[in-house]
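So the structure is just underneath, and the comments pick up after that.
Nothing in this text is a laboratory measurement; each read-out follows from the coordinates by a stated rule. Everything numeric in this text was worked out from a predicted model, so none of it was measured. Neighbour counts run over all protein chains shown; Cβ positions are idealised from the backbone, glycine included.
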Amino acid sequence: MFLALLFAGSMWFYVQHILIPHQQAEAALYGIPRGNLSDLYPRWLGARELLLHHRDPYSAEISREIQAGYYGRPLDPALPHDPKDEQGFAYPAYVVFLLAPTVTLPFTVVQTGFRWLLVALTALSVPLWLGALRRKVSAETMAILIVLTLGSFPVLQGIKLQQLSLLVAGLIAAGAMLLAEGHLFSAGILLALATIKPQLALPVAAWFLLWALSDWARRRSFWWGFAMTLAALAGGAQYVLPGWVGRFRDAVVAYRRYNQGADSVLDILVTPPWGRWLAIAIALALALLAWRHRRARAGSAAHSQVTVMILAGTVVVMPKTAPYNQVLLLPGILFLLGQGREFWSKGLGWRAMAAICGSALMWPWMAAFGLLAASCFVPAAATQKGWALPLYTNMAIPVALLAWLVSGFRDMGESA
């Protein structure tokens, strides 16, 4: 537990006293605007304006109002150092229903409450995933896993930014737990709610829908829970904003145009042309794997491994490299930790894969601790020059984890 607290504390120190001051200094040097920098703000403002004032959240006018809060002022294309991300409302319109209870509150209150909600939900995700994967651990191990999860860079970044990815990851974790426990209708409801970020939720939702379809008589309630909830959300959005689907599509196209982080991990590692082909190959392989094990019992080793592989594959192929999306790797890490003793006997090759993946996962904490130790002896300005050190393995982590999962799959039984 001491080491877990030390690593988590080191990462918090890195984010609060090295990364953020570096970003602030860079912003002051180049005149980069900094407002509330809350990823919740564009969605909250869009929801408020739509529900209270019947304004189109996808409009250029709302985008400029969002920029005034997010960046502190509207962006100016003539300024070379202004951010390229226009912070448009690039979410399905039905996200407003999740935010509806907050639209009459001051954003500072909403921001604080949402931050603590993300902390609680992310901490709860650890026991939820352990339950979904049928893993039992001691209370001390559970506490260590929660501390390390909350003290990881993806989670700290997501909490700092109030990123809805953490909310979606929590909904997926709860849905997977309910699925394993046999509460299929409720699991379908939560997976439908998670589609507020379709790029994160739809791949695993498609796997669960295929799984339910393969035994319709016993599993159809998952379909009904998912379909009825999604229909209610989409229909409600159409009522409050007619034609929202086309507006959302245009917003996504615009997001891909102006967002600098819209390349996938594979695009960056092996160039976009090869990255796209690899992404297609990975998607096809995962689809084939899901089809092969579609009859596996929920909570079985095969069902669990398909689930965590699809989540890891989502992080690898999705057109966004932001570390906060790596919260979807948590179930894969927990799955591999639970299989450690069994997999360790598989041979030198698998052990080498485990060492590579483990090193990539541990590096951010080790680098953060090194910067913390260095700060005791050198000025803050000197340690801030090492701000990128903990991020060196950011691209490698999802690829290494997916490869580790793939290397162990061939020996898994189906356990129907």
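Observations on the structure shown:
- Given charges at beta-carbon only (K, R positive; D, E negative), |dipole| of segment 27-70 in Debye: 100
- Between the beta carbons of residue 28 and residue 270, assuming R0 = 41 Å, the FRET efficiency works out to 0.70 to the nearest 0.05.
- Histogram of C-alpha separations across segment 27-70, 10 Å bin width, %: 29, 47, 18, 6
- Put a dot 7 Å past the Cα of residue 221, heading toward its Cβ, do the same for residue 280, and the two dots end up 4.2 nm apart.
- Dipole of segment 91-249, positive direction: furthest Cα of 149, 177, 248, with charges on the beta-carbon: 248
- Cα shape, the chain, gyration tensor, a/c 1.5 rule: oblate
- Per residue, the average separation of C-alpha pairs within less than 8 Å and at least 6 apart gives segment 27-70 a relative contact order of 45 percent.
- Efficiency of FRET between residue 61 and residue 232 - r from beta-carbon atoms, R0 51 angstrom, step 0.05: 0.95
- All Cα-Cα distances of segment 1-91, cut into 5 Å bins from zero to the largest, leave 3, 13, 18, 17, 13, 11, 10, 8, 4, 2, 0 percent in each bin in turn.
- Reach of residue 385 by Cα under 29 Å, taken over lysines that are not fewer than 8 positions away in the same chain: 84, 160, 320
- Whole-number percent relative contact order across the chain, with pairs defined as alpha carbons under 8 Å at least 6 apart: 20
- Relative contact order (percent, whole number), segment 241-335, Cα cutoff 8 Å, 6+ residue spacing: 31
- If the chain linking residue 181 and residue 119 were pulled fully straight, counting 0.36 nm for each residue of separation and taking away their Cα-Cα distance, it would gain 19.9 nm.
- Contour excess over end-to-end distance, with Cα ends at residue 135 and residue 108 and 0.36 nm allotted per residue: 5.8 nm
- GNM top mover of 337, 128, 329 - the chain, alpha-carbon springs below 10 Å: 337
- Of the residues 394, 325, 259, the one that moves most in a GNM of the chain with alpha-carbon contacts below 10 Å is 259.
- In segment 34-187, a dipole from Cβ-located charges (positive for Lys and Arg, negative for Asp and Glu) runs towards its positive end, and of 58, 103, 78 it is 103 whose Cα lies farthest in that direction.
- Positive-end ranking of 311, 217, 291 along the dipole of segment 214-312, with charges on Cβ about the Cα centre, is headed by 217.
- Ellipticity at 222 nm from helices only: DSSP H runs of n ≥ 4 in the chain, each -39500 (n - 2.57), divided by the residue count, give -22500 deg cm²/dmol.
- Rounded to the nearest 20 debye, the dipole size of segment 105-409 about its Cα centre is 460 debye, using +1 on the Cβ of Lys and Arg and -1 on the Cβ of Asp and Glu.
- Label-point separation, residue 351 to residue 374 (7 Å along Cα→Cβ), nm: 3.3
- Cα centroid separation, segment 122-185 to segment 354-394 (Å): 25
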